[in-house]
Every structure is written in structure tokens, then in C-alpha cells.
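Q: Shown below is the structure under consideration.
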Amino acid sequence: EDQVTQSPEALRLQEGESSSLNCSYTVSGLRGLFWYRQDPGKGPEFLFTLYSAGEEKEKERLKATLTKKESFLHITAPKPEDSATYLCAVRNDYKLSFGAGTTVTVRA
Amino acid sequence: DTAVSQTPKYLVTQMGNDKSIKCEQNLGHDTMYWYKQDSKKFLKIMFSYNNKELIINETVPNRFSPKSPDKAHLNLHINSLELGDSAVYFCASSQVPSGSPETQYFGPGTRLLVL
């Protein structure tokens with residue numbers, strides 16, 4: 001059974017205080033690792049897909065990296081609008097398996 | 001121009017009732033999914049349809065029956081609702097590209113509360 005573990009569960013940051021979220025995974029036959037952002041009361045919003053170890057993707061203040069066993073989502077100089085739950089998911093040949101998410105709160 | 005839409009957004013009902021949730025996507029995707037997100041925020045796959053054909057059924061009670069009238073629509077009918085069915089149900093869709101990971105796009109969710 002594929003497993004996705006995200007840490008920490010919750011992260012409180014001051015505006016401008018950079019930090020990283022971790023996603024460690026075990027999967028049989030990785031067909032992609034995905035990062036989503038979920039705001040309260042809304043559906044997950046796609047951020048990034050990573051496929052190969054060493055791959056990096058960036059979008060505004062977010063940067064995702066991938067190794068063979070984990071992925072990191074780096075938030076650089078966060079703003080209050082970056083507050084959300086960040087979900088990591090891995091895909092095998094069959095389905096997408098999600099972690100429980102990291103809830104990020106950025107204070108002004 | 002919503003990509004994946006669901007109705008209703010909220011559903012409050014009594015135990016034992018039967019209810020349906022509808023999902024539509026206008027992305028031209030050929031695969032659609034139902035997920036359940038429980039109170040601990042875990043998103044779990046329930047069903048997947050590809051071109052109206054069921055391809056994933058993740059040990060969901062047979063009180064849950066998905067129906068895909070065409071590849072843009074996937075509905076979820078739930079019989080004899082139980083308290084434990086209370087959750088947020090998300091619809092998603094994807095298109096399997098050649099040579100790239102497949103990305104799923106999610107709807108806004110239907111919040112089901114069984115009393």
C-alpha cells in the first residue's frame with residue numbers, strides 16, 4: 001500500500017519568514033508526485049507535478065523539489081495569502097494517494 | 001467558466017435517506033473521480049470512470065453507486081445514508097497525456113451532513 005506522510009501537521013509563520021514542508025512517500029512505481037493547495041471550504045487547487053528525482057518547479061513564492069523518497073515545498077518570504085493547507089499526493093499506475101496535509105498560517 | 005462543478009454544495013439529510021450528488025466537467029477530460037475527505041482531512045479515492053466505464057472501485061459500501069451518463073458527467077447516488085457518511089465529497093477529472101504525469105483537477109466539494 002502506498003504511503004504519504006506530511007510534516008509538520010501545522011506551521012505558523014511570520015510574514016517574510018521562509019520555511020519548508022516535507023512529504024515523504026513510499027510508492028510502487030511512481031507516476032508523479034503532486035502538490036495541491038486547499039483553502040477552507042474549497043477543493044484542492046493544483047500547484048505542481050514532479051516526476052524525476054532532482055526535478056524542481058517554481059511558482060511565485062513556492063518551490064517544490066523531489067528526491068527518491070521525499071519532496072519539499074519551500075515557501076520563500078510568505079505572505080498572509082499563502083495561508084492554506086498544502087497537500088502532497090503520489091500516483092502509481094492505478095491511483096492517487098494523498099497525505100493528510102500541512103496547514104500553513106502566515107501572520108502579518 | 002468553472003472547470004469542474006458539483007451540485008449541491010451543501011446537503012443536510014436524515015439517516016436512512018437516499019441522496020445524489022452531481023458533477024460536471026467542461027475540460028474535455030476522459031476520466032472522472034469521486035473522493036471522500038473525512039474530518040481528518042484525508043482525501044481518499046472512491047471511484048474512477050474512464051469514458052463512462054468504471055475503472056476504480058475502492059472497497060466502497062455498495063450503498064454508493066456512481067453513474068456516468070457521458071464522459072463530462074459523473075454522479076454519485078447514496079442509499080440508506082448513515083452517520084459515518086458525513087464528509088466532504090470531491091469530484092475530479094483528468095486527461096491521460098502521453099509521456100507526462102496525469103494531473104487531476106478538483107471541484108469545489110459537496111458537504112454532506114447526515115443527522
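The values are calculated or read from the model by the stated rules, or taken from the named source; none is laboratory data. Everything quoted here is computed from the prediction, not taken from an experiment. Please note: Cβ atoms are built from the backbone with ideal geometry, for glycine as well, and neighbour counts cover all protein chains shown.
Q: Checking A:Ser52 against (1) in contact (Cβ under 8 Å) with a residue 12 or more places away in the chain; (2) within 14 Å of chain B (Cβ to nearest Cβ); (3) within 19 Å of B:Phe42 (Cα to Cα): exactly one of these is not met. Which one?
A: Going through (1) in contact (Cβ under 8 Å) with a residue 12 or more places away in the chain; (2) within 14 Å of chain B (Cβ to nearest Cβ); (3) within 19 Å of B:Phe42 (Cα to Cα) one by one, A:Ser52 breaks only (3).
Q: Looking at (1) within 14 Å of chain A (Cβ to nearest Cβ); (2) touching a residue at least 40 places away in the same chain (Cβ under 8 Å), can you tell me which one B:Glu58 breaks?
A: Against the list (1) within 14 Å of chain A (Cβ to nearest Cβ); (2) touching a residue at least 40 places away in the same chain (Cβ under 8 Å), B:Glu58 comes up short only on (2).
Q: Hand me the list of strands (runs of 3 or more DSSP E) wholly inside the stretch A:1-43 holding 3 or more residues that are touching a His at 6+ places or on another chain (Cβ under 6 Å). Break it down stepwise before answering.
A: Working: elements: A:3-7, A:10-14, A:19-26, A:33-38.
In the stretch A:1-43, no matching strands (runs of 3 or more DSSP E) lie anywhere.
Q: Anything in the stretch B:79-115 that is over 18 Å from A:Gly43 (Cα atoms), assigned to a loop (DSSP other than H, G, I, E, B) and at pLDDT 95 or above? List them, or say none.
A: B:Asn79, B:Ser80, B:Leu81, B:Glu82, B:Leu115
Q: Working only within the stretch B:53-78, note down all residues that are outside any strand (DSSP E or B) and under 21 Å from B:Ser39 (Cα atoms). Lay out the reasoning, then the answer.
A: To start, the set of residues in the stretch B:53-78 that are outside any strand (DSSP E or B) comprises B:58-63, B:71-72.
The answer is B:Glu58, B:Thr59, B:Val60, B:Pro61, B:Arg63.
Q: Then there's this: Would a scan of the stretch A:70-91 turn up a residue that is more than 10 Å from every other protein chain (Cβ to nearest Cβ), surrounded by fewer than 21 Cβ atoms within 10 Å (Cβ to Cβ), more than 29 Å from B:Ser5 (Cβ to Cβ) and at pLDDT below 95?
A: no
Q: Between a first residue in the stretch B:34-47 that is closer than 12 Å to A:Phe98 by Cα and more than 7 Å from chain A (Cβ to nearest Cβ) and a second residue that is modelled with pLDDT under 95 and not in a strand (DSSP E or B), which pairs have beta carbons less than 9 Å apart while being 6 or more apart in sequence or on different chains?
A: Close Cβ pairs satisfying both conditions: B:Lys36/B:Phe42; B:Lys36/B:Val60; B:Lys44/B:Asp38; B:Lys44/B:Glu58.
Q: Among the listed residues A:Ala84, A:Ala108, identify the single one that is more than 30 Å from B:Cys91 (Cβ to Cβ), in contact with an Asp or Glu (Cβ under 9 Å, 6 or more places away or on another chain) and hydrophobic (A, V, I, L, M, F, W, C).
A: On the way: A:Ala84 fails: more than 30 Å from B:Cys91 (Cβ to Cβ).
The conditions single out A:Ala108.
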